[in-house]
Amino acid sequence: MKKNLKGIATTIWIGNLLVIVALLVAFYLAGILSAAARNQPQPNAALNLPAGSPTRTPRATVTPLPQASLRPSLTPWPTPSPGPSVTPMKMPPANRQVIGYSVEKRPLDVYRFGRGPLNKLIVAGIHGGYEHNTVELADELIAYLSDHPEQIPTDTSLFILRDLNPDGSARAIGVEGRTNANNVDLNRNWPYNWKADWDRDGCWIWRPVTGGEYGGSEAEVQALIAFIDALKPGALISYHSAALGIFPGGRPDFPASIRLAEAVSQVSNYPYPPIDTGCDYTGNLTDWAANTRAIPAIDIELTNHRDTDFAQNLRVLQVFLSWRP
Ligand SMILES: [Zn+2]
């Protein structure tokens with residue numbers, strides 16, 4: 001038995017030794033293999049790194065550049081023109097009247113503010129389409145005065161014709177929208193110094209247009225003549241765009257129009273005297289108003305075809321409302 005026990009113990013001891021040796025060999029081989037693996041060149045090593053590793057270079061090196069370069073170009077935008085264009089328009093129906101219809105039977109809407117005996121008139125959109133920002137300005141002024149009726153002096157009534165050429169506005173917000181539905185330039189159709197055609201040097205030439213069959217041939221002009229003759233406004237502004245400045249109505253000069261232009265130029269950046277392109281402006285509204293009705297009248301050209309210059313035209317409005325010939 002003793003001899004047998006001793007043999008069994010020897011066998012177990014040898015077995016343990018063999019297991020230990022086998023484990024050592026196994027660890028050794030594993031060490032060699034992993035070392036070999038580390039030393040082997042691995043061109044795709046970067047792709048095998050776990051996500052989010054700080055050594056994933058592409059994101060870190062690309063992001064700072066576009067952010068830094070985009071930021072300066074974004075800065076001009078946070079301060080848009082301070083007009084109340086976002087405010088929902090409040091237009092009491094009692095203030096609105098239809099003074100006539102366009103060739104295509106669209107209404108010509110006039111909004112009234114104040115109840116005083118001295119009438120002032122603002123006309124927008126006589127050149128439709130690409131001068132549509134004048135209509136947007138009229139809408140902003142209408143919305144503003146609906147919220148601030150106290151801005152109208154007690155002796156004054158202000159009338160705003162928001163769009164004299166709704167057919168042009170409906171056709172296109174572009175050069176194709178300039179004329180009415182008869183292809184007549186509504187600022188060439190007034191029955192004073194009227195011409196069907198004119199020398200185009202220095203004038204608008206982007207589409208063929210006419211002054212109409214005769215002075216006052218167009219429905220829009222007829223409606224506004226009837227309204228002006230009933231209203232007898234003490235002063236008139238006709239809004240256009242863009243850029244040429246403030247034109248006093250009158251040919252020959254009408255001094256009261258010049259004084260109104262000077263007063264408006266003091267509170268605005270619009271060029272006065274206006275930029276002279278050499279154009280012969282026949283049959284236009286403000287010359288007709290000044291020379292045939294003795295109404296001080298000016299054309300104001302907004303800065304471009306997009307902006308309403310609202311803050312600037314609020315100052316113009318205040319001067320216009322308090323102005324006396
Ligand atoms: Zn115009």
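Which ones in the range 207-251 are within 21 Å of Trp323 (Cβ to Cβ) and part of a loop (DSSP other than H, G, I, E, B)?
Lys232, Pro233, Gly234, Gly245, Gly249, Gly250
Among the numbered criteria (1) in a helix (DSSP H, G or I); (2) surrounded by fewer than 22 Cβ atoms within 10 Å (Cβ to Cβ), which single criterion is violated by Asn304?
Of (1) in a helix (DSSP H, G or I); (2) surrounded by fewer than 22 Cβ atoms within 10 Å (Cβ to Cβ), only one is false for Asn304: (1).
Quick check: is even one residue across the range 145-165 free of Cβ contacts under 8 Å to residues at least 60 places away in the same chain, within 12 Å of the ligand (Cβ to nearest atom), over 23 Å from Asp229 (Cα atoms) and in a loop (DSSP other than H, G, I, E, B)?
Taking every residue of the range 145-165 in turn, none turns out to be free of Cβ contacts under 8 Å to residues at least 60 places away in the same chain, within 12 Å of the ligand (Cβ to nearest atom), over 23 Å from Asp229 (Cα atoms) and in a loop (DSSP other than H, G, I, E, B).
Which ones in the range 110-141 are part of a loop (DSSP other than H, G, I, E, B) and buried (at least 21 other Cβ atoms within 10 Å of the Cβ)?
Gly114, Ala124, Gly125, Ile126, His127, Gly128, His132
Would you check which residues across the range 252-275 are more than 16 Å from the ligand (Cβ to nearest atom), of a type outside the set (A, V, I, L, M) and either surrounded by fewer than 16 Cβ atoms within 10 Å (Cβ to Cβ) or within 20 Å of Leu317 (Cβ to Cβ) (or both) and list them?
Listed by number, the residues that qualify are Pro252, Asp253, Pro255, Ser257, Arg259, Glu262, Ser265, Gln266, Ser268, Asn269, Tyr272, Pro273.
Residue check: is Gln312 in the same structural domain as Ser157 (by TED's automatic domain parsing) and either more than 15 Å from Thr134 (Cβ to Cβ) or crowded, with 23+ Cβ neighbours inside 10 Å (or both)?
It is false that Gln312 is in the same structural domain as Ser157 (by TED's automatic domain parsing) and either more than 15 Å from Thr134 (Cβ to Cβ) or crowded, with 23+ Cβ neighbours inside 10 Å (or both).
Given the condition without any contact (Cβ under 8 Å) to a residue 60 or more places away in the chain, part of a strand (DSSP E or B) and among the aliphatic types (A, V, I, L, M), answer yes or no: does some residue in the range 255-269 qualify?
Within the range 255-269, not a single residue is without any contact (Cβ under 8 Å) to a residue 60 or more places away in the chain, part of a strand (DSSP E or B) and among the aliphatic types (A, V, I, L, M).
Working only within the range 204-221, note down all residues that are β-branched (Val, Ile, Thr), within 15 Å of the ligand (Cβ to nearest atom) and more than 23 Å from Asp109 (Cα to Cα).
Residues satisfying the conditions are Ile205, Val209.
The values are calculated or read from the model by the stated rules, or taken from the named source; none is laboratory data. Just so you know, these numbers come straight off a predicted model, no measurement behind them. In this analysis, Cβ positions are derived from the backbone assuming ideal geometry, glycine residues included, and neighbour counts consider all displayed protein chains.
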